[in-house]
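Worksheet for the structure shown next.
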Amino acid sequence: MLTKRIIPCLDVKDGQTVKGVNFENLKYAGDPVALAKKYSKEGADELVFLDITATNEKRKIIVGLVEKVAREVFIPFTVGGGISDIEDIRQILAAGADKISFNSSAVKNPDIINDCVNYFGSQCIVVAIDAKKIDGEYYVHINAGKKNTGIKLLDWAKEAENRGAGEILLTSMDYDGTQKGFDIDMNKLVSNSVNIPVIASGGAGADSNHFVEVFEKTQVDAALAASIFHFNTLPVEKLKSELQRAGIQTRKIY
């Protein structure tokens, strides 16, 4: 049985880790470098770093901060936000990242997925998708969730896979920051329909059963969370112990 991955996420704004609810009302959650070091020691399987305002502010990602975080972690490290071309990816990988994450730029120019996969390989290309349910249908949103593209979630997930993406980071805008559990229907829809790994994001609370449920009821390969880890309401090590007791296999903590 393949082990399930637990992934803390650093949403970064103005050089600091922040967290909100439904992509709004952001509040300070800690220093990204210190948090990254903490999660690496606690046994997190991977780390995601998202410069959440880079696209809307029409600027490049903060490479210097990526370098500082990379020096503190010894686990796979994914970076996203404001990435729009091969040169951006080259700089971020050179700064110490293992994978890069596209969101808005991939929707606006899907060919960038093909180009970057051909250049760097699918193993380091993650397509992040922010989706919201409207009139019974999930739609893809971009620009930090502010713009509804009108593209149906499943159509875009399949296209991302067909273009060579190695993984999908799937965030429920409706559940984001609510701590009421993952959007099971949305994660089931996508993970049952693609053959690449899917990371569930949005809604994790302090109840470890939220993670048990998403792993048992869907085909997702990993679960991502932020608030519960940043504010220590459910530390990574404790979560993994509870998942093991529930029969969910995760990588051992050494």
Largest-first ranking of Tyr175, Tyr119, Tyr39 by accessible area, probe 1.4 Å, whole protein assembly kept, is Tyr119, Tyr175, Tyr39
Whole-Hz Karplus ³J(HN,Hα) for the range 218-226, in order, using 6.51 cos²θ - 1.76 cosθ + 1.60 and θ = phi - 60°, x for Gly and Pro? 9, 9, 5, 9, 8, 10, 10, 8, 10
What accessible surface, in Å², does a 1.4 Å probe find on Thr233, ignoring ligands, DNA and RNA and rounding to the nearest 10? 70
Pulled fully out, how much extra length does the chain show between Asn118 and Lys147, if you take 0.36 nm times their separation in residues and subtract their Cα-Cα distance? 7.5 nm
What do you reckon, how do Thr218, Thr3 stack up by accessible area (1.4 Å probe), largest on top? Thr3, Thr218
Sequence-distant residues sharing a close amide H with Lys147 (under 5 Å, placed H): Ile142
Please give, to one decimal in nm, the separation of the simple spin-label points placed at Asp111 and Arg71, each 7 Å out from Cα toward the Cβ. 4.0
Find which of Ala206, Gly164, Gly121 sits farthest along the positive direction of the dipole of the chain, computed with +1 on the beta-carbon of Lys and Arg, -1 on that of Asp and Glu, about the Cα centre. Ala206
Accessible area in square angstrom per residue, the range 72-171, 1.4 angstrom probe: 40
Relative packing of 177-186, 106-115, which averages over residues the other C-beta atoms within 10 Å, highest first: 177-186, 106-115
Percent accessible area from carbon and sulfur atoms, the range 181-228, protein chains only, probe 1.4 Å: 35
Through the Karplus equation 6.51 cos²θ - 1.76 cosθ + 1.60, θ set to phi - 60°, convert the phi angles of the range 228-245 into ³J(HN,Hα) values in whole Hz; use x for Gly and Pro. 5, 7, 4, 9, 6, 6, 8, x, 4, 4, 5, 4, 5, 4, 5, 5, 4, 5
Helix-only CD estimate at 222 nm, as mean residue ellipticity for the chain, using -39500 (n - 2.57) per DSSP H run (n ≥ 4): -9000 deg cm²/dmol
Roughly how many percent of the accessible protein surface of the range 90-159 is carbon and sulfur, given a 1.4 Å probe and a whole-percent answer? 43
Could you pull out every residue, at least 5 positions away or on a different chain, whose amide H is within less than 5 Å of the one on Lys4? Hs are placed 1.01 Å off N in the peptide plane, and Pro or chain starts have none. Gln249, Thr250, Arg251
Using only the heavy atoms of the protein chains and a 1.4 Å probe, how would Arg5, Arg90, Arg245 rank by accessible area, largest first? Arg245, Arg90, Arg5
Taking the Cα centre of the chain as origin, work out the dipole magnitude from +1 charges on Lys and Arg Cβ and -1 charges on Asp and Glu Cβ, in debye rounded to 20. 460
Could you give the length gained on full extension between Lys37 and Gln16, defined as 0.36 nm per residue of separation minus the Cα-Cα distance, in nm? 6.1 nm
Extended-chain gain in nm, criterion 0.36 nm per residue less alpha-carbon gap, Asp135 and Arg245: 35.7 nm
Per DSSP, the loop-located chymotrypsin sites (Phe, Trp or Tyr not before Pro) within the range 63-106 having at most 13 other beta carbons within 10 Å are Phe74
Would you grab the residues whose amide H sits under 5 Å from the one on Leu47? Only those 5+ places off in sequence or on another chain, please, with H modelled 1.01 Å from N. Phe77, Thr78
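The values are calculated or read from the model by the stated rules, or taken from the named source; none is laboratory data. Just so it is clear, the model here is predicted, and its values are computed rather than measured. So basically every Cβ, Gly included, is an ideal-geometry build from the backbone, and we count neighbours across all protein chains shown. Heads up: the accessible areas ignore ligands, DNA and RNA and are worked out on the full protein's heavy atoms, side chains in. Shrake-Rupley method; radii C 1.70, N 1.55, O 1.52, S 1.80 Å.
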